[in-house]
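Student: Below you'll find the structure I mean.
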Amino acid sequence: MEIVKTALFIVVLGMAAVATTTPRTERFGGGEAVITAAGGLERVVIKDSHGAMKSDSYCDGQSGSYDLVLRYAEAILRVAKSGDRRAMAALMWFPLRVNAGSNRAGHPAVRTSYVKSGADLRRRYGAIFTPNVIHALEQIEPHDVFCQDGMSMLGNGVLWATVERGTLKGAVINQ
């Protein structure tokens, strides 16, 4: 009988550890985000203005929580619009990976380079933050959060960020 009680106690504790919270909904101009926390993860479902699902992803400690990604996206949006190179460098992790080209059929292969430091980024800013990259970053909807493989995506994949040393920073630019 004691074994059954112990097993039941462990099951109850285990269930508490993965218990989900009541979903919260964040409405924004293009739709809504439904965030549900469960077992150290946040499930983020993005719906368009008609209620159709646009994306469904799980954010974790490496990709950043929904709220952390939202604040980071708002900062990226402000800095992209201002053109402040120093502020943009402060939002990146180094070495920053930069992918140029395309890996789609009929297109040139992707070329990868790395930006070593904030000073290097400021010096090469125009070559890294091309007009297309800046335009994509200026169009970010901060609430439209998508996480995958320990990273969070902004601007339809133009920028991928990850938590490094407790801070969310840009790690990959896809030109």
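Read-outs throughout are calculated quantities, based only on the coordinates presented, and are distinct from any laboratory measurement. These numbers come from a predicted model, not from an experiment. We place every Cβ from the backbone using ideal geometry, glycine too, and count neighbours over all the protein chains shown.
Student: State all residues of region 21-67 that are acidic (D, E), over 16 Å from the mean Cα position of the chain (by Cα) and under 17 Å from S152 (Cβ atoms); if no residue qualifies, say none.
Tutor: Within region 21-67, E26 is the sole residue that qualifies.
Student: Could you list all residues from region 60-75 that are in a loop (DSSP other than H, G, I, E, B) and acidic (D, E)?
Tutor: D60
Student: Can you name every one of the strands (runs of 3 or more DSSP E) wholly within region 103-172 that holds 1 or more residues which are aliphatic (A, V, I, L, M) and buried (at least 19 other Cβ atoms within 10 Å of the Cβ)? First the steps, then the outcome.
Tutor: Working: elements: 111-115, 146-148, 151-154, 159-164.
Passing ranges, in order: 111-115, 151-154, 159-164.
Student: Of R78, R97, which residue is within 15 Å of L159 (Cβ to Cβ), free of Cβ contacts under 8 Å to residues at least 12 places away in the same chain and not in a loop (DSSP other than H, G, I, E, B)?
Tutor: R78
Student: Restricting region 74-96 to residues that are surrounded by 19 or more Cβ atoms within 10 Å (Cβ to Cβ) and among the small types (G, A, S), which is nearest to K169 (Cα to Cα)?
Tutor: So, considering only residues that are surrounded by 19 or more Cβ atoms within 10 Å (Cβ to Cβ) and among the small types (G, A, S), the one nearest to K169 (Cα to Cα) is A89.
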